[in-house]
Structure formats: structure tokens, C-alpha cells
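Heads up: the structure comes next, in C-alpha cells.
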Amino acid sequence: MKQPLITRAAYLQIYIDIFRDVGIPVERQLSSSRLPRLIEEQPDAFISLPLALEWIARTGYDLAPMELGFLASEGLTLDSLDGAMLAAVLDAPTGLARIERFFRLHALEDNSVTPRMSREGDNVRLIIENLSLDQHPYACLAQWLNLRAVIAVVQSIASEGWSPPEITFVAGFQVPESAQAAFPNTIVLTGQPNTSVLIEAQLLSQSCTEMASKDAVRGEEPLALNCEESWAFKSALRNMIQPYPSDGRSDLVSTAELAGMSTRTLQRRLMLCGTSYGDLVQEARFEVARTMLSDSTTKVRDVAMMSGYENPQHFSRAFRRMTGVSPSEYRHNRTHRET
């Protein structure tokens, strides 16, 4: 069954703000459309994406679609993301895990997108695939926001000033001069097979252990669970688990006893945080391994044992799933960055 394409109303609000700034009578335009009239009071509501694109293009008809999309993307930051999604993304321990989590949770923002990664030599292409919308005449209005969200996530891994080597669009419109000026060191191509952002592969293995700011996680989880509280619960539990993998006491029952709750309650709380107990244990093991690998005198097999793995082979496979590189490669890359 074909799924209706929906997006979070907060992204429509970015366009509404642009229209208001140039004096367009937004209330009148909304009242004559099929969009909810009180949509500005419901930023976390979901609306029809095709309907929103048509309204944006009709209301902002004085601007070319690519220019309008770029202007809107300038107003998008990490804080624009759903609070629950942002907390989960920022809590991921590596660049690869952070991007994968963002891709996996993207349906919280826009269910029309199917994101994926493709390795290209020393780079990785982050593809924002949208076969159901690519032929829409105003698809670039959504493509710009999707790309800017991806760039914001990558900047949280690399640095705020990071810019991609290349950006591509399926839309065939000409790139506005303002966009070229904003990305002076980036090749911007239109009329391409995919909408994508190219990044350096080494960013995937980069550690991302900094805490998300309180402002960044001010949203609420489903079932009225505050997102900041859910993030703090998960992080505290992961920190509590870290000392236990090496002695084999990181099972669910033992951890629930340490946390002072039933296993069912523990699993439910983690589900509300967007994760599972198995994923949490893997993240705790990774933090132990990452810290030990910073000491070049510690053998990899000893790191494996202290991280709770039966043998170095199991450890290496699990570590590669988390970072995209082997423990030895991670140590080498870290040493290279520090020197």
C-alpha cells in the first residue's frame, strides 16, 4: 500500500518566516489553502509534503525554487530537528553511529526519504533518496532542507565550519549565486541521479562523546517523556554498565537490579529513548575499548577481553560495525589526528 508523504510542520514554518520577512500575507495564503490553518501553533504536527511544496512554491512565486529552497536551508540548524531525534543522534558515540542513527530516525521528520551511504575511495556519499518525490516540480524545496540537515549532523562530528567537497541535486534547476557563495569550496551539481552530500570517510571513525546541550534536547518524547530526561537516563545507564563487561555481569537482569527497577521497566524506558538494551551494551563496550585503544602499549587482544568479548575476532567485527574501521585502524587514525 502506498504511504502518504508527510513532513514535520516545523519545516514549513521556516518558509513561513521567509514569507513574513518580505511582507507576504501568510494568514490569507494559508486560509485559502488545504493546509491546517493553525499549523504555526503545531510545529511537531505532520502535514502532507506534496501539499506543502505546492503551497510554498505558489506563495513564493517571485523566487526561483532553488533560490527559495536555499534561503530556507539557511535557517535550518540541528535545533530544527525533532527533539527526541536530536537527543538520540547526538548521543551516538562515533561519526558512523551518529549518521546511521540520523538516517534510521529520519522518518520522524520526513517519511518520503530513504537515506543510504556509498563508499567512493577516500570519501563516503550520503545519499538522500526519494524516488516518490524526485519528479515533483518543486522537490528541490525539500531537497535543500534534507541536505542541510545532513550537513548539520556532519558538522556536529567534524566542526561547525566544515563544508562538503560536493553536493548533488536530482532537481535540474540552476544553482543560485547565493548558494555558491555560501559553499565556496564545494562543487554543487544539479540534474544528478541522486541528491547527496560527499564527506571524508575518516569522519566515520571519529569519536563523538560530547554531551548534547540542554537547549538541544528540549523536546519531548512520545508518551510525554521529556527528551532531556530520556537522554540523561540512557547516558547514566550506559556509564553504569561500562565497568561490567569484562566480568560478564552486563546482562539485562543484573543491570535492572543495579538500576533498581524491573527488567520490563528498564526495557520500556530504553524503548522510549529510541534504543534497546543490546545497543546500549554495545555502546558501553565501545567506550571502554575506545579509551583503552588510546594507550598504544595496550594490546588489542587485551582491549577485547576488558571490553567483554570472548576473542579478538568477535571484538574486531563489533568494533567495525560501530566505527567502519578495525581497532588497529582506529588507533592509527587517532594517533595520526593527534600528531
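Some points to look at:
- As a rough footprinting exposure proxy, the listed residues Met322, Met117 were ranked by other beta carbons within 10 Å of their own, and the order from fewest upward is Met117, Met322.
- Legend: calculated FRET efficiency, Ser159 to Phe183, from the Cβ-Cβ distance at R0 = 22 Å, rounded to 0.05, equals 0.90.
- Inter-centroid distance (Cα atoms) of the stretch 1-65 relative to the stretch 152-188, Å: 24 Å
- Secondary-structure-derived ellipticity at 222 nm for the chain, considering helices only, amounts to -14500 deg cm²/dmol, per-run term -39500 (n - 2.57) for DSSP H runs with n ≥ 4.
- Restricting the calculation to Cα atoms, every distinct pair contributes to the Kirkwood radius of the stretch 72-129, found to be 12.4 Å.
- Amide H within-cut-off set for Ile6, under 5 Å, with H built and near neighbours excluded: Leu49, Asn111, Ser112
- Pair Arg317, Leu63: separation of 7 Å Cα→Cβ label points (nm): 5.1 nm
- Base-10 log of normalised Debye intensity for the chain (one unit scatterer per alpha-carbon) at q = 0.10 Å⁻¹: -0.66
- Length-normalised contact order of the chain in % [C-alpha pairs under 8 Å, at least 6 apart]: 16 percent
- Sorted peptide list for 44-52, 141-149, criterion being average Cβ within 10 angstrom, highest first: 141-149, 44-52
- Estimated distance in nm for a label pair at Gln42 and Arg119, the labels positioned 7 Å out from Cα along Cα-to-Cβ: 4.6 nm
- Charges were assigned to the Cβ only: +1 to each Lys and Arg, -1 to each Asp and Glu. The resulting dipole of the chain about its Cα centre is roughly 980 debye.
Read-outs: derived from the displayed coordinates by stated rules, not from any lab. Nothing here was measured: the structure is a model prediction, and the numbers come from that model. Ideal geometry is used to build each Cβ from the backbone, glycine not excepted, and the neighbour counts take in all protein chains shown.
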